[in-house]
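S.K.: Before I ask anything, let me first share the structure, which is written out below as structure tokens.
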């Protein structure tokens, strides 16, 4: 290929299907996509997954003319943990609600890690804001408050699964950038759409209530993106 495209590689793992996709991030079209289906299993068959990767990694690398270095994992598994934590924050000097958002989410994240040390957080989603007794589905801009209550949802995967998948991908010198909950990704859109495109949109902040992890030293960020740097 003469033209170098900006692309991302996604690996989808479920109890009935493996899929791998090369997404052109400019056109949002898959340049490559391969799926295999099988009878439902209660565990990840790593030997079958390795064979699937053997059959497809080289083809993708040949297509783009360079090695795959990074990959995103979209995983659907019955063992994915969904946990909700409620946080109450009293502001003794009433101020803008956003001022107190940072410490509230940090406290919730620390509490989660303390109680679930064997879990890797995939998503942090704010399901509800209770500001001075009024419920909001989104944080209101420039809203002064005395009390901020949050319901925060954590979606996580076991460190064991994360370790095994990292070990498998290391055979191809591929680094896992992020794990995504496949059921969350699909249910957020609730429409017929390729899983790689849905995952791309989730990763790029289409859910305004998800705490996104971004790289540090990024210029021209909005409030939430600047705040989310604290979690990278």
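We did not get these values from a lab; they are worked out from the coordinates using the rules stated. All values reported here derive from a predicted model rather than from experimental measurement. FYI the Cβ positions are ideal-geometry reconstructions off the backbone, even for glycines, and counts take in every protein chain you see.
S.K.: Cα centroid distance between the range 44-61 and the range 159-177, in Å?
M.R.: 13 Å
S.K.: Calculate the spin-label point distance for residue 39 paired with residue 26, positioning each point 7 Å from the Cα along the beta-carbon direction, and give it in nanometres.
M.R.: In this crude label model, residue 26 to residue 39 measures out at 4.7 nm.
S.K.: Can you put 123, 48 in order of Cβ neighbours within 10 angstrom, beginning with the fewest? Display every interim value, and only then the final one.
M.R.: Numbers: 123 22, 48 13.
Fewest-to-most Cβ neighbours within 10 Å comes out as 48, 123.
S.K.: Mark the label point 7 Å from the Cα of residue 50 along Cα→Cβ and return the residues of the range 63-90 whose backbone N is within less than 18 Å of it.
M.R.: So the set is empty, nothing qualifies.
S.K.: Kindly state, to the nearest 0.05, the FRET efficiency for residue 113 paired with residue 147, given R0 = 25 Å and r defined as their beta-carbon distance. Present the calculation step by step, with values, prior to reporting the outcome.
M.R.: On the way: r = 25 Å, r/R0 = 1.01.
The calculated FRET efficiency here is 0.50.
S.K.: Calculate, for residue 194 and residue 138, the FRET efficiency according to 1/(1 + (r/R0)^6) with r their C-beta to C-beta distance and R0 25 Å; round to the nearest 0.05. Walk me through the numbers on the way to the answer.
M.R.: On the way: r = 27 Å, r/R0 = 1.09.
Efficiency, rounded to the nearest 0.05: 0.35.
S.K.: Could you list 27, 196 so that the one with the fewest beta carbons within 10 Å of its beta carbon is first and the one with the most is last?
M.R.: Numbers: 27 10, 196 25.
By the 10 Å Cβ count, ascending, the order reads 27, 196.
S.K.: Hey, for a label at residue 187 modelled as a point 7 Å past Cα toward Cβ, could you say which residues of the range 115-134 have their backbone N under 19 Å away?
M.R.: It comes to 120-129, nothing else.
S.K.: Please work out how much length the chain gains when fully extended from residue 59 to residue 79, using 0.36 nm per residue of separation minus the C-alpha to C-alpha distance, in nm with one decimal.
M.R.: Details: separation 20, 0.36 × 20 = 7.20 nm, distance 3.16 nm.
The span from residue 59 to residue 79 would gain 4.0 nm if fully extended.
S.K.: Which of 168, 53, 11 comes first, and how do the rest follow, when ranked by fewest Cβ neighbours within 10 Å? If you can, show how the numbers build up before the last one.
M.R.: Details: 168 17, 53 20, 11 23.
Exposure proxy ranking, most exposed first: 168, 53, 11.
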